[in-house]
Amino acid sequence: MELERRPLEVLSLLLRHAGEVVTKEELLDTVWQGRITVENVLANAVAKLRKGLGEALAEHIRTQARIGYRFTGPVERIAVGRALVNRLDLRAGQPVPGRSHFMLKEQLSGTRGSEVWLARHDKTGELRVYKFSPDGARLASLKREATLARVLRESLGERDDIARVIDWNFETAPFFLECAYGGENLLAWSQGEGRLAAMSQGARLELALQAIDVVGAAHEAGVLHKDLKPANFLVAPCRDGGWQVRVTDFGAGGLVELGRLEDLGITPMGMTIEEGGSGSSSLGTPLYIAPEIISGQAPSARCDVYALGVMLYQILAGDMKKPLATGWDADIDDPLLREDIAEATHGDPLQRIASAGELAARLRALDVRREDRARAQALAADAEAARAELERVKTRRPWVAATFAALVIGFGASVWLYMQAEGARGLAETQAARAEATGGFLRDLLVNADPYRPGGAGDVTVRAALDKAAADIGARFEDDPATEASIQQTAGEIYSSLAVYDAAAERKGRAADLFARLYGESDRRTLLARYLQAEALANASRIADAGAVLDMADKAAMGQTAGDAKLAFAAAQTRGRYYLVQANMEESAPFLEAAVRLLPEAMPEDVEAGYRLKMDLSQIYSRVGRHEDAIDLLAGLQAPSYAEAGVSEATRARASMFLGASLFYAGKYDEAEPVLIESIRLLTDVFGEEAAQVVEAQSALANLYATSGNWAPALPLVADVREKMCALHGEDHLTCLMTIGNQAVFQWFMDDAEGAIANLVPVVETFRAQLGPESPAVHVMAYYLAMAKLDVGAADEALALANTLDAAKLAAGSPGDGWAERVAGLKGIAMIDQGQCAAGLALLRPAVEAMKAGDMQPWILADYEEAEAGAPCR
């Protein structure tokens, strides 16, 4: 019977636990493997399963209310292909069964389920290897190896570094796989005549690189080996006197995606229905097994990297039997090679080198990395020389320390970027010029912050100092685009922290353009820079530009994000924040949740990034009515451990402000007020009283006062917020317009309908143009504009606006219940004012009753009750 994959996997799990209740959580974790799913996905899968089984069999799938499902009835398990029949009695000198011209020469290996023999052609002397399965015990493994050999050949062509599969017999016993002879296995070869021990370190490294390269090529073709060990690498002499390494025996291997077989038109012999590199129950050889496999995790390319890391150590140490045990690093003189082996064999797969290709690239770049390290040490010496200057300045300018640290990080990154752009060519020639340029930029910043130095000022701000220093970045690094890109990006990050979003977008855009010029638009470095640029543009309210850059990056990244957690994280986070800036919470949520899911793999040690992402999620939870989730999340972010882990004081202060806002959205006004007041104090200490972060917190406090009916402090505070926010960002910025809209709402509540309309009309028009008519912000502002229009007698205009409103979008833009009733009441009042009394009252009366039963603010309910009571047809 035909079943989709998910229902089939649900059935498989239920059958393995027949008679037991399998919980919904177990089914979701196993079948969907922690992916974020839509509601009722499990119920839909079970419904499809029951339909596929048919009415009679479907009764065996029982629902356990609110818990899960179980399979009832007898389950019979039958082991197939295990009978040991037709055991081979092979001897040297006899013909290969079915290949009469090839004579068995010697047995290479043998187990209960298989025998491997070397055979020679009786006339040509050609050598071949035959892998026999006397019965069905190893037939699946032979089939799998044949299948994967075809995948590798179709994907990569004929290669000297992959042992060639020539033919097979899977029809009659004895079953066998026929392979070209590729040489001695690595273990036997290394011991013969002391070959490995006699080789130089450079020759050993070249030998290891051959093994790593071919595994990397297999990974690119979507094939995992899963049993890498010296016995599965062959070594044969080359005509030039060197050695050729070949990988063999993919019998335990698997495919990352089985769809690859269909793409290549290959029959899936010996492959299972599972994905993720499955296909064999073999764990591998103990010394080379990655720790996560032993703990039951699914195999991945990182498991093969672990085995390669162990063999890299053995090859460099000159002993293929030596285990990677405590004290292994004493055998490796080069500190960079020690780092590579340690990171290739890291116990945590998320911190392990991600691919064989990456490991090979690191090994080939050893010379450049040594120069890079020396250069970084020289840079550190320059930074130390500047430290004394910094110590004298930072007592008068506390922000300089943080800015200095960010720039030094940028300089460090520029070393690596330059290496990628230029390789080893001319590195020594440019060293002095680069050191002088970066040092000069740093001196510019310090001078601007020091009132006792020429050009300095006694009241300089961090933005003023950065503006002066950043203006010369292009000229200072004119001949060094890689370093300029890094420093432009770092300057952009500082501008973002200061909420100077236009400058941040300009700097990050310049950095992305430089990366594109150096590496191309599809390069990973360019893509990461484009995502940063898109986020900065969105923060600067340049929504259309942000969307265009984001779409361009997503298109260029197509096909790359699946295997690159950091790139996938950047794409998801940027798209989520792009929608978040527009107050489009429904669109933002799945992307930010995907980013949270990717964070442990993409940035496992970046506590600050995870902290900020949780802050973003808290805003979404508040706006979609998940108030307790938001409060719990933000309350957890107040823990002292985050300060100890290095989360900045500025970030923690903003989390405090978000906590106050979430308490406010949840209607906990008494709890919210002191938290918001304290957050304003903290943010002022960090950023200064005119900073955008402080104004944002003051805006939340003003909204709290207004919502709780405390108008006396609310109106002057929101007017002050508007003045500061618009001065910071400009009159056309979305943040400025939002504060104008908030002030207008306050004016309406204070019975200044004409003043409210004067402010709301340009806000609604600009929001519609920049964010689109479906934006929640448009609906919220249009609602209050309609209410103000009613107050000045413009019922026709009010009803036209009311007909564009959507209750769900209103709730997304202004959290709270009762929006459907409020919209219905608004329409009812407008229709009554138009003279459509009966129709208007039919809308207004049930809306008022629903409001009374809910938790509606008293002054809103009072307005609607007054309209109902005054209806002429009542």
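Every number in this text was worked out from the coordinates using simple rules, so none of it is lab data. Keep in mind that this is a model prediction, so the values were computed, not measured. Note: ideal-geometry Cβ built from the backbone for every residue, glycine included; neighbour counts use all protein chains shown.
Which entries in the list 143/226; 566/614; 508/566; 789/827; 24/809 go over 20 Å, if you measure between the two C-alpha atoms of each?
Working: 143/226 16 Å; 566/614 17 Å; 508/566 18 Å; 789/827 12 Å; 24/809 32 Å.
Violating the 20 Å limit, Cα to Cα: 24/809.
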Next item on the list: Project the alpha carbons of the range 512-653 onto their principal axes and report the range along each, largest first, in whole Å.
Entry: 44, 31, 27
Check: Among 677, 315, what is the fewest-to-most ranking by other Cβ atoms within 10 Å?
Finding: 677, 315
Note to self: At 7 Å along Cα-to-Cβ for each site, give me the label-to-label distance between residue 837 and residue 158 in nm.
What the structure shows: 9.7
Checklist line | Peptide ranges 117-125, 743-751 listed from the most packed, as the mean C-beta count within 10 angstrom indicates | finding: 743-751, 117-125
Checklist line | Computed FRET value (nearest 0.05) for residue 197 with residue 92, which takes r as the C-beta separation and R₀ as 30 Å | finding: 0.45
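Would you mind working out the magnitude of the charge dipole of the range 682-869 relative to its Cα centre, with +1 at each Lys and Arg C-beta and -1 at each Asp and Glu C-beta, to the nearest 20 Debye?
Here the range 682-869 has a charge dipole of around 380 debye.
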Margin query: At a 10 angstrom cut-off on C-beta neighbours, averaged per residue, how do the peptides 98-106, 650-658 rank from highest to lowest?
Written below: 650-658, 98-106
Margin query: Can you compute the modelled spin-label distance between residue 122 and residue 239, with each label point 7 Å from Cα toward Cβ, in nm?
Written below: 3.1
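Based only on other Cβ atoms within 10 Å, what is the fewest-to-most ordering of 541, 522, 295, 814?
With the sparsest Cβ surroundings first, the list reads 295, 522, 814, 541.
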Notebook entry, point to check: In terms of the Cα gyration tensor, with a ≥ b ≥ c the square roots of its eigenvalues, is the range 739-808 rounded because a/c is under 1.5, prolate because a/b exceeds b/c, or oblate?
Noted result: oblate
Notebook entry, point to check: By how many nm would the segment from residue 321 to residue 685 grow when fully extended, if each residue of separation counts as 0.36 nm and the alpha-carbon distance is taken off?
Noted result: 124.9 nm
Next item on the list: Pick out, from 63, 53, 40, the residue whose Cα sits farthest towards the positive end of the charge dipole of the range 5-71, with +1 on the Cβ of Lys and Arg and -1 on the Cβ of Asp and Glu.
Entry: 53
Notebook entry, point to check: Any idea how far apart residue 55 and residue 41 come out in nm if each label point goes 7 Å out from Cα toward Cβ?
Noted result: 3.3
Check: Which three semi-axes in whole Å describe the equivalent ellipsoid of the range 682-869, each the square root of 5 times a Cα gyration tensor eigenvalue, listed largest first?
Finding: 31, 17, 14
Check: By per-residue mean of other Cβ atoms within 10 Å, what is the highest-first order of 71-77, 221-227?
Finding: 221-227, 71-77
Next item on the list: Would you mind getting me the FRET efficiency between residue 774 and residue 364? Use the beta-carbon distance for r and R0 = 60 Å, nearest 0.05.
Entry: 0.70
Check: What fraction of the Cα pairs in the range 5-71, stated in percent, has a spacing above 14 angstrom?
Finding: 53
Notebook entry, point to check: For the range 742-753, in order, what is each residue's ³J(HN,Hα) by Karplus, 6.51 cos²θ - 1.76 cosθ + 1.60 with θ = phi - 60°, in whole Hz (x at glycine and Pro)?
Noted result: 4, 4, 5, 4, 4, 4, 5, 4, 8, 6, 9, 5
Note to self: Give me the tail of P(r) for the range 331-373 as a percent: Cα-Cα pairs with distance above 12 Å.
What the structure shows: 60
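Among rounded, prolate and oblate, which fits the range 93-204 when a ≥ b ≥ c are the square roots of the eigenvalues of its C-alpha gyration tensor, a/c under 1.5 means rounded, and a/b larger than b/c means prolate?
Prolate.
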Next item on the list: Once you have the Cα-Cα distance between residue 76 and residue 719, take 0.36 nm times their residue separation minus that, and quote the gain in nm to one decimal.
Entry: 223.9 nm
Check: Extension gain residue 668-residue 24, at 0.36 nm per residue separation less the Cα-Cα distance, in nm?
Finding: 228.4 nm
Checklist line | Overall form of the range 685-794 per C-alpha gyration tensor (a/c, 1.5; a/b vs b/c) | finding: oblate
Checklist line | Kirkwood-Stokes translational diffusion coefficient of the range 661-742, alpha-carbon pairs, 10 °C, 1.306 mPa s, µm²/s | finding: 125
